[in-house]
Each structure stands twice: as C-alpha cells, then as structure tokens.
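Notes for the one structure printed next.
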Amino acid sequence: SLLGITCLLNVYFIISPAHFGKFIEKMKPEKAIKFLSQQCQMMFVWCCGKTYPENWFSLKMFQMATVKKMLLSISEAIKRTPGTWDEELRSLWLNFFQAGFAFLDCSVLKLEAFSA
C-alpha cells in the first residue's frame, strides 16, 4: 500500500548511515547478508515499479533520494560484512548491482522525461 511504502521510506530517510551500519554489525553475518539482500531487492522494486502515481513528482523524487541514500548505506555495510565467497554473498552482490543499475535507469530520473 502507498501508506506502508511511505512509512518505510520515512524510516529509511531518517536513519543515518552510521546507525544503519551499527544495526547491521549487530547481526550475525549470515543474517546480515540475507537482510541486505532483501533490502536490495526492495530498492530494485522501488526503482522499477510504479509505487506512486505519475503526477506525484515531489514524492517520487523523495523516494529516489531515499533509495540513493540506502544504496550507499547498503554498499558500506556490504564492504564490512565478513564472509566467504558463497552463494549467499554472490546473491547479495547480484541484488545490489541490480538495484544500483535500476536506480541509474529509473525513468523518473531521466532528463528526457521532464516536461515544461
């Protein structure tokens, strides 16, 4: 629902990268990898999906700014996550890059899509 997405976006907007990093550090490595992978999948869906109507431009920009912030926080957490190269870690990196490329290719951020 729109309310649920907006509430989660607000939580992600408010949390600092340092607090997010400490939250991840408190987890066991296996759980942290799974959690980060799920967050990357969610960021991917938010970049590719139609979460808000087209004319809600300010909210869509807020969403993209929050996704960018979270992708940066997730990348820092991934760098600090210990683990051996296995299927879970490979999946995490795959999900991270899919979310990152989806963000770069997001239609709402394309300059050609803006209208005067």
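The values are calculated or read from the model by the stated rules, or taken from the named source; none is laboratory data. Note that this is a predicted model, so its numbers are computed, not measured. Here the Cβ is made from the backbone with ideal geometry for all residues, glycine too, and neighbour counts use every protein chain on show. Heads up: the accessible areas ignore ligands, DNA and RNA and are worked out on the full protein's heavy atoms, side chains in. Shrake-Rupley method; radii C 1.70, N 1.55, O 1.52, S 1.80 Å.
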Over the chain: helical MRE at 222 nm, DSSP H runs n ≥ 4 each giving -39500 (n - 2.57), nearest 500: -24000 deg cm²/dmol
Burial ranking of peptide ranges 1-10, 30-39 (average Cβ count within 10 Å, highest at the top): 30-39, 1-10
Neighbour net charge for Cys47 - beta-carbon separation under 13 angstrom, K R +1, D E -1: +3
Karplus-derived 3J(HN,Hα), 6.51/-1.76/1.60, for each residue of segment 98-103, Hz, glycine and proline x: 4, 5, x, 5, 5, 5
Whole-number Å³ per residue for the convex hull built on Cα positions in the chain: 102 Å³
Accessible surface, the chain, averaged per residue in Å² (probe 1.4 Å): 64 Å²
Karplus (6.51, -1.76, 1.60) ³J(HN,Hα), θ = phi - 60°, over segment 50-65, in Hz, Gly and Pro reported as x: 9, 6, 10, x, 4, 7, 8, 4, 4, 5, 5, 5, 4, 4, 5, 5
Set of lysines near Lys31 by C-alpha distance (under 21 Å), chain-local residues within fewer than 8 positions excluded: Lys22, Lys79
Nearby lysines by direct alpha-carbon distance to Lys60 (threshold 24 angstrom, same-chain neighbours under 8 apart not counted): Lys50, Lys68, Lys69, Lys110
